[in-house]
Amino acid sequence: MPDRENRSVFKVNSERRRLKERIFTSVILIATLMALLVLVYLITSVVIDGGNRLSWDFLSSFPSRFAAKAGIKSAIFGSMWLGGLTLIFSVLFGVGAAVYLQELANKNRLNQVIELSISTLAGVPSIIYGMLGLGVFVRFMALGRSVLAGALTMSLLVMPVIIIASREALKSVPDSIRMAAFALGASRWQTVRDHVLPAAVPGIATGVILAMARAMGEAAPLILLGALTYVAFVPEGIFDGFTALPIQIYNWTSRPQQAFHELAAAGIIVLLVFLLICNSAAIFIRYKWGSKK
């Protein structure tokens, strides 16, 4: 009798767990489908509104007060300047910090505090970095509202993400590679440089590209920095004024005329294509390097 009762209780509990699992799966599926439907609706609306505005003249013209003549040439070049400098700073310091913390640093209390701080900074809203960049780079360092100030601010924004992604990529490298290098007489730095770091390149590259895609879509830090909304020139140096695609889109959406809203939709399409290229590059690099290894 006790065995029969125990089996009955187990069967009831098992059925309850399966019912809860089916309910949870259904809720998650419905939430995912709703999010996808909203995304499809937004993308469709943007394409319908801005598709007619896409042309070579739109890509090769400067902004104008007249919607028929307005373009995003200065925003594209400004985004290229901003993205290039941000990539240099964030990779140089972000990957370097990840390598030091994961492979070279001693496991003491100071490094634990640094690791905790980096994890916390990864969740800080982007507008806080804009306030930091305004106070430090624009005013204290007197860089002004230049491309360099914007790139340094965006580097601070994406650096915690790059550090975390790079550390995870380094952790995924088997310890057997390190032990084999040590057994052959390699120093600690030689092991990291010649064996660990090359093996972690796919994960590091993926994290860097995705972080850069996020940086290129951020507008709040650049607005606080005072990035220009009307730029009729292409930046020629790191101390020149600049605008970027998110700033130009924000400027057009704030206009009351419907024609500027259509221009903003066309700018969103260009930005989405750029982000899609970045994400595709991350997938391609990870696949090719992973298959090569």
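A few comments on the model shown:
- Screening the candidates L170, L245 for the property of being closer than 30 Å to A70 by Cα and either outside the structural domain of E115 (by TED's automatic domain parsing) or touching a residue at least 12 places away in the same chain (Cβ under 8 Å) (or both) yields one hit, L245.
- From A151, A97, A142, residue being over 25 Å from V173 (Cβ atoms) and either modelled with pLDDT of 85 or more or among the aromatic types (F, W, Y) (or both): A151
- Residue list for the stretch 71-83, restricted to those being out of contact with any Gly (no Cβ under 7 Å at 6 or more places or on another chain) and either without any contact (Cβ under 8 Å) to a residue 40 or more places away in the chain or not in a helix (DSSP H, G or I) (or both): G71, M80
- Restricting the stretch 93-111 to residues that are free of Cβ contacts under 8 Å to residues at least 24 places away in the same chain and surrounded by 12 or more Cβ atoms within 10 Å (Cβ to Cβ), the residue that is farthest from T191 (Cα to Cα) is N111.
- Taking the numbered list (1) assigned by TED's automatic domain parsing to the domain that holds A219; (2) in contact with a helix residue (DSSP H, G or I) (Cβ under 9 Å, 6 or more places away or on another chain) in turn, V46 passes all entries but (1).
- The C-beta contact set for the stretch 195-207 (first residue free of Cβ contacts under 8 Å to residues at least 40 places away in the same chain, second residue of a type outside the set (D, E) and in a helix (DSSP H, G or I), distance under 6 angstrom, 6+ apart or interchain) comprises H195/I177; H195/A181; A200/A169; A200/L170.
- Residues in the stretch 242-290 that are polar (S, T, N, Q), over 15 Å from the mean Cα position of the chain (by Cα) and assigned to a helix (DSSP H, G or I): Q248, N251, T253, Q258.
- Flag not set for G150, criterion: in a helix (DSSP H, G or I), under 30 Å from V192 (Cα atoms) and under 19 Å from the mean Cα position of the chain (by Cα).
- Inter-residue pairs, beta-carbon under 6 Å, first closer than 29 Å to S74 by Cβ and in the stretch 32-58, second among the charged types (D, E, K, R), 6+ apart: D49/E262; G50/E262; R53/E262
- Count of residues meeting criterion [aromatic (F, W, Y) and farther than 10 Å from A70 by Cβ] in the stretch 255-278: 1
- Looking only at residues in the stretch 217-241 that are among the aliphatic types (A, V, I, L, M) and either part of a loop (DSSP other than H, G, I, E, B) or closer than 18 Å to A165 by Cα (or both), the one that is farthest from the chain's Cα centre (by Cα) is A232.
- Unique match (being hydroxyl-bearing (S, T, Y) and in contact with a helix residue (DSSP H, G or I) (Cβ under 9 Å, 6 or more places away or on another chain)) among S166, S176: S166
- Residue within the stretch 113-127 that is out of contact with any strand residue (DSSP E or B) (no Cβ under 7 Å at 6 or more places or on another chain) and surrounded by 22 or more Cβ atoms within 10 Å (Cβ to Cβ) present: no
- Residues in the stretch 47-70 include none that are farther than 23 Å from L263 by Cβ, in a helix (DSSP H, G or I) and not acidic (D, E).
The values are calculated or read from the model by the stated rules, or taken from the named source; none is laboratory data. Values in this document were obtained by computation on a predicted structure and should not be read as measured data. Virtual Cβ from ideal backbone geometry, glycine too; neighbours counted across all protein chains shown.
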